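**Student:** Mind looking over this structure? Questions follow.
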Amino acid sequence: QVQLVESGGGLVQAGGSLRLSCAVSGSIFSLNLMAWYRQAPGKQRESVAAMASGGGTNYADSVKGRFTISRDNAKNTAYLQMNSLKTEDTAVYYCNALISISDGAQISDYWGQGTKVTVSS
């Protein structure tokens, strides 16, 4: 069974940094896009950053220049380095991955359970 497990959330002061990790466990055939989303209280879930298996990246305008997504394909793990954090970055951060579990199988969407990030002023 494929699972995505996030870690690294916590409480940090504005201006500080955190690094989130997302590890994919279970038997998979291919790991395609990996992405981070977040959902603040009372708001819809939004895309934060994404990284294709080939290395291409995409960021929300609100985090450009502050957040960096990376991945270690050998470990099936993605990271989100968050610098210069702002109070408006407070949210639950979710890892998302497009995975095929066997050769010829369709690519399916998987989500982690979320990790909470709180930025205090």
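**Student:** Out of SER53, SER70, report the one residue that is free of Cβ contacts under 8 Å to residues at least 24 places away in the same chain and in a strand (DSSP E or B).
**Tutor:** Just a single option satisfies the conditions, and that option is SER70.
**Student:** Right, another one. For the stretch 97-115, indicate whether the set of residues that are of a type in the set (Val, Ile, Thr) and within 30 Å of GLY15 (Cβ to Cβ) is non-empty.
**Tutor:** Yes; the residues of the stretch 97-115 include at least one that is of a type in the set (Val, Ile, Thr) and within 30 Å of GLY15 (Cβ to Cβ).
**Student:** Separate question: Which numbered condition trips up SER121, out of (1) touching a helix residue (DSSP H, G or I) at 6+ places or on another chain (Cβ under 6 Å); (2) surrounded by 15 or more Cβ atoms within 10 Å (Cβ to Cβ)?
**Tutor:** SER121 satisfies all of (1) touching a helix residue (DSSP H, G or I) at 6+ places or on another chain (Cβ under 6 Å); (2) surrounded by 15 or more Cβ atoms within 10 Å (Cβ to Cβ) except (2).
**Student:** Is it the case that some residue within the stretch 90-100 is open to solvent by 40 Å² or more (accessible area, probe 1.4 Å), modelled with pLDDT under 95 and under 19 Å from LEU4 (Cβ atoms)?
**Tutor:** Within the stretch 90-100, none of the residues are open to solvent by 40 Å² or more (accessible area, probe 1.4 Å), modelled with pLDDT under 95 and under 19 Å from LEU4 (Cβ atoms).
**Student:** List pairs: first residue in the stretch 1-13 and in contact (Cβ under 8 Å) with a residue 60 or more places away in the chain and under 14 Å from TYR94 (Cα atoms), second residue in a strand (DSSP E or B) and open to solvent by 100 Å² or more (accessible area, probe 1.4 Å) anywhere in the structure, Cβ distance under 8 angstrom, at least six positions apart or on different chains.
**Tutor:** Qualifying pairs under 8 Å: GLY8/ARG19; GLY9/LYS116; GLY10/LYS116.
**Student:** Give me the residue from the stretch 31-45 that is of a type in the set (D, E, K, R) and under 18 Å from GLN113 (Cβ atoms) and, out of that set, most open to solvent (accessible area, probe 1.4 Å).
**Tutor:** ARG45
**Student:** Looking at GLY16, GLY10, which is the one that is open to solvent by less than 30 Å² (accessible area, probe 1.4 Å), farther than 16 Å from TYR79 by Cβ and small (Gly, Ala, Ser)?
**Tutor:** Testing whether each residue is open to solvent by less than 30 Å² (accessible area, probe 1.4 Å), farther than 16 Å from TYR79 by Cβ and small (Gly, Ala, Ser) leaves just GLY16.
**Student:** Go through SER27, SER62, SER70 for me and flag whichever is under 11 Å from the mean Cα position of the chain (by Cα) and surrounded by fewer than 17 Cβ atoms within 10 Å (Cβ to Cβ).
**Tutor:** Answer to the check: SER70.
**Student:** Restrict the check to the stretch 4-25 and report whether at least one residue is among the polar types (S, T, N, Q), at pLDDT below 95 and assigned to a loop (DSSP other than H, G, I, E, B).
**Tutor:** No, every residue in the stretch 4-25 fails to be among the polar types (S, T, N, Q), at pLDDT below 95 and assigned to a loop (DSSP other than H, G, I, E, B).
**Student:** While we're on this one: Would you please name the residue that is most open to solvent (accessible area, probe 1.4 Å), looking only at residues in the stretch 73-85 that are of a type outside the set (Gly, Ala, Ser), part of a loop (DSSP other than H, G, I, E, B) and over 17 Å from VAL24 (Cβ atoms)?
**Tutor:** Per the criteria, the residue is ASN83.
The values are calculated or read from the model by the stated rules, or taken from the named source; none is laboratory data. It should be emphasised that the depicted structure is a prediction, and the values quoted were computed from it without experimental measurement. Neighbour counts are summed over all protein chains in view; Cβ atoms, including those assigned to glycine, are modelled from backbone coordinates with ideal geometry. Ligands, DNA and RNA are excluded from the accessible area calculation, which covers all protein heavy atoms including side chains. Shrake-Rupley method; radii C 1.70, N 1.55, O 1.52, S 1.80 Å.
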